[in-house]
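Heads up: the structure comes next, in structure tokens.
Rule-based calculations on the coordinates, nothing more; no lab input. Just so it is clear, the model here is predicted, and its values are computed rather than measured. Backbone-built Cβ (ideal geometry, glycine too); neighbour counts: all protein chains shown.
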Amino acid sequence: MTTATATIPHGVHHHGPEKGLMRWIKTTNHKDIGSLYMWFAFAMLLIGGALAMGIRAELLQPGMQLMEPQFFNQLTTMHGLIMVFGAIMPAFVGLGNWLIPMMIGAPDMALPRMNNWSFWILPFAGGILLSTFFMEGGAPAFGWTFYAPLSTTFAPDSTDFFIFAVHLLGFSSIMGAINIIATVLNMRAPEMKLMDMPLFVWTWLITSFLLIGAMPVLAGVVTMMLTDRNFGTAFFDATGGGDPVMFQHIFWFFGHPEVYIMILPAFGITSHIIPTFARKPLFGYSSMVYATASIAFLSYIVWAHHMFLTGMPVAGGLYFMYATMLIAVPTGVKVFNWVATMWRGSMTFEAPMLWTLSFVFLFTIGGFSGLMLGIAPADIQYHDTYFVVAHFHYVLVTGALWAIIAATLYWLPKWTGKMYNESLAKIHFWWAVISVNILFFPQHFLGLAGMPRRIPDYSLQFADFNLISSIGGFAFGASFFLLTYIVVDCIRNGKPVSARPWKGAKGLEWTLDAKAPYHSFNTPPSRALIEAESQHSA
Amino acid sequence: MAEFFIIIVIITILVALGFGLIGMLKGGRRGSDRMFKSLVARISLSVFLFLLVMFAAYMGWIEPNPVVFSTSTQK
Amino acid sequence: MSEQKYYVPDGTYWPIIGSIGVTILFVGFANQMHGVSWGASAMVLGFAIVIFMLFGWLGQVVNESVNGIYNSQVDRSFRWGMSWFIFSEVMFFAAFFGALFYARQISVPWLSGEGNNLYTPELWDGFKATWQQIAFSTPGTTLKSGVEMSIPTQLVDTWGLPALNTALLLLSGVTLTFAHHALRAERRNQVISWLVATIVLGVAFLGFQVAEYGHAYADGLQLTSGIYGSTFYMLTGFHGFHVTIGAIMLSVILYRVQKGHFSADSHFGFEGVAWYWHFVDVVWLGLFVFVYWL
């Protein structure tokens, strides 16, 4: 029964990976699990992207060309769900798995078996979610926010499978978050103080608190949906004294922290890459930590700014508007610090830096359009238009996804011991950054002109911008083939690198071998090493 | 008034429970002591609350689910 | 320097078994609700696999712990893990309490015309917004899900079974505290008797809860009795589910105490389960006060 090994002796590389498929199923290794997460997220990104191509193809011209409106709604719904729960969140958990133990001088995650489970739930949950496409009545078609009563009274049978998939994804996220908290707070090198931790670790720690606070609420709200649909409860049914508006309140109590779950780790990544390529220590390390914590706190008390049009007392609207404006302050602190880090730095522009710089610029655009949407009276005009679509794609695609790609390129040499093809990566960057703006920037104009979101057909005056947007969309979609090639080519044929391929890079992970060993740190790093590698040392 | 007091006691119980959790988290002899003391406080408060609710109900200060919302002007 | 030796467990099959188990359980559940014949059997199978996984996995952990493979760092990781797991449970219950407060304070008053909102008597003749009695005032109504609302014939009794049950559960908290004290003083026989008392009280609570459900159902208070019935059954139901889990965990702890596990200084398994029981106890107190009384 006791299959466990004894403790690892000092400085000895203990058992390597097993062989074959069983390695991946049984693994308790943070690097294996991190890779599994990343590949799963990438597969889901491609599937979700394919759905988006379907959406843009239908919107290429006014009129109905390719599909039934119901199927269009299924595409928008599943695109959102897959991207949020299948691509962005698992990708960040994967990065956290790979990087956090290396960054805090630990051998592995704190609860490795649970770590395995939090990954291995995902393929099953994803499978259940995708299988709804093949069910009678089709996949869920009520938008990724699944507002009642669309998702209760008027939804297809497959909604029950969707609910269980959300439950499973929630389990996975909660277990992942618990693991990261335990790792950061308990496995950290004894000599490393909290304020020595790199910002990616800090942002993930705070994100974990958001996950543990928000995901159970999501589980609660889908459970209420489930009983409303199947057991005759009346949570969201005014006939029985319930209220569909209550659904929105509970959903957005989860939903707003959720958007910060998807962006805080990106802030952390950015705070690593900019100092490296500006060759300066990060400006304002502690203010970054406090800003992250304030954003996380505020994220719990602003949820109803998604509901200005749903209706609420005027005092409520005012409160939620001002609280929302408040988030701009810590976010502004962050952007200021990134720019100040670059100020008079000796900057170079390798691919990870290009992605990060465009992240700062484009995310700020998304942040400002968010401020516009947060103004209650203005939101009456923008609500549920393409302006909203443009806003959240700027923060999620050119924000979260950009940071994930930047991080992948930045740490790929450490993961594989090999360097990717820099010129191809630069071509890919310019291809993606131009096409993504062609894709999403015109959607601002569409929204301001009044084109509603989630519709398969539109009136003629929107035709030109939609055409441009769709062309940009196809170009952006195609860029991912190049990204796949760059990553696979790096793993297969990349040139071997030294342990610290980026000259200005700081952090404990760069003190490990060129290709990080299977167990990161068998002995904790010394105080001198931690200080030398910390983000606030010159 | 009685309701207000009852809610205050519930919040205090939650705080005691929270301190117990922190004690458990710390571990070791001291954490264990802290956890045990907090849990003793929490169970004592809970018994007090139960007696309070029963007494308040007996005295008629609170009624089970009393709310009948006033209907506004008839049209 | 013993702290500096890290522990990383070997590979494990339990997670994949668990994933397969919960998937079969949920897919079976969904099919059962859609009236598919094999749904129920799949549910049972999935549930059995999950139980098998839990006992296997935790059993392995207990074995490793008893054999002294873990160090104090692993112990602390477990403490962190358990604490934040419980916090996630708190947030899960918070969602349902939030629904209760929202319906109570906002949606039902709104339905009665408060705050210049919709004036409902125009929709349902003679509608009067009341809290527990919401179904009384909307007679003969069919919910949007097509289910006819069940009309309770009387209010939930607060003095009888619920008060008794509260007393039972609080008493179980007291006996558990005695067990805890005895364990810290290394008086094993007392630990065992107090634990037995706790479990018996917990099971008695569950029994009375079932009886209470029977009464309420017979009186017409059902899941389909509008928002009060919904929140009442969902909150008490999830609570009962947690009491069941807690009682099972206490039984495992009892078994381990008999086997001579735990010492006065090191008994995290006991502490975790004890805290869980106290938490479930507090949730019930909240239920008793907010669902039955205030």
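Working note: 222 nm ellipticity from helices only, DSSP H runs with n ≥ 4, each -39,500 (n - 2.57), summed and divided by the residues of chain C, gives -23000 deg cm²/dmol to the nearest 500. Remark: mean inter-chain Cβ contacts per residue of C:63-76 equal 3, using a 10 Å Cβ-Cβ cutoff to other protein chain atoms. Counting neighbouring beta carbons within 10 Å and listing from fewest to most, the residues B:Ile62, A:Ile250 come out as B:Ile62, A:Ile250. Projecting label points 7 angstrom from Cα along Cα→Cβ for A:Phe361 and A:Ile471 puts them 2.1 nm apart.
Computed from Cα positions, the angle between helix A:422-448 and the longest principal axis of chain A comes to roughly 30 degrees. Between the beta carbons of C:Asp75 and C:Tyr255, assuming R0 = 25 Å, the FRET efficiency works out to 0.75 to the nearest 0.05. By the count of other C-beta atoms within 10 Å, a proxy for reagent exposure, A:Leu226, A:Leu66, A:Leu446 are ordered fewest to most as A:Leu66, A:Leu226, A:Leu446.
Spatial offset of segment C:11-70 relative to segment C:146-198 amounts to 28 Å, using the alpha carbon center of each.
The trypsin sites (Lys or Arg not before Pro) found in segment C:179-264 that occupy coil by DSSP, while having at most 16 further C-beta atoms within 10 Å, are C:Arg187, C:Lys259. From most to least packed by mean Cβ count within 10 Å, the peptides A:295-308, C:223-236 give C:223-236, A:295-308. The distance separating the Cα centre of segment A:504-538 from that of segment A:370-406 comes to 37 Å. A straight line joining the Cα centroids of segment A:248-327 and segment C:251-294 runs 36 Å.
Per-residue ellipticity at 222 nm computed for chain B from its helices equals -27500 deg cm²/dmol, with DSSP H segments shorter than 4 residues left out and the rest contributing -39,500 (n - 2.57). Report the residue, chosen from C:Val191, C:Val22, C:Val273, that carries the largest GNM mean-square fluctuation when chain C is represented by alpha-carbon nodes joined by springs under 10 Å. Maximum fluctuation in the GNM of chain C, among the listed residues, is at C:Val22. Among the trypsin sites (Lys or Arg not before Pro) in segment A:423-515, those placed in a DSSP loop whose Cβ has at most 13 other Cβ atoms within 10 Å are A:Lys503. Considering chain C at the alpha-carbon level, its Rg and Dmax are found to be 23.2, 77 Å.
The simple Förster model, with R0 at 51 Å and r as the Cβ-Cβ distance, assigns A:His536 and C:Ile245 a FRET efficiency of 0.65.
Computed over the alpha-carbon pairs of segment C:1-70, the distance histogram in 5 Å steps reads 4, 17, 18, 16, 12, 10, 8, 6, 5, 3, 2, 1, 0 percent, short to long. Mean partner shielding of peptide C:28-39, defined as the number of other chain Cβ atoms within 10 Å of each residue Cβ, is 3. The modelled label-to-label distance between C:Leu58 and A:Asp513, using points 7 Å beyond Cα along the C-beta direction, is 4.0 nm. How about segment C:1-85: which trypsin sites (Lys or Arg not before Pro) there are in a DSSP loop, with at most 16 other Cβ atoms within 10 Å of their Cβ? Passing both the DSSP loop test and the Cβ count: C:Lys5. Taken along the Cα-to-beta-carbon direction at a fixed 7 Å, the label points for A:Thr145 and A:Phe368 span 2.5 nm. In chain C, the longest principal axis of the Cα atoms and the axis of helix C:14-33 are about 20 degrees apart. Proximity of backbone amide H atoms, modeled 1.01 Å from N, is registered between A:Met419 and A:Lys495, A:Val497 at under 5 Å, excluding neighbours fewer than 5 places apart on the same chain. Computed from phi, the 3J(HN,Hα) profile of segment C:57-66 under the Karplus parametrisation 6.51, -1.76, 1.60 (θ = phi - 60°) reads 5, 5, x, 4, 4, 4, 4, 5, 5, 5 Hz, with x in place of Gly and Pro. Structure remark: mean-square fluctuation, Gaussian network model of chain C, C-alpha springs under 10 Å; the largest value among C:Gln32, C:Gln105, C:Gln190 belongs to C:Gln32. Over the residues of chain A, the helix contribution to mean residue ellipticity at 222 nm works out to -21000 deg cm²/dmol, using -39500 (n - 2.57) for each DSSP H run of at least 4.
With a 10 Å cut-off around each Cβ of A:145-154, the average count of Cβ atoms from other chains is 1. Rounded to the nearest 10 degrees, the angle from helix B:28-59 to the longest Cα principal axis of chain B is 20 degrees.
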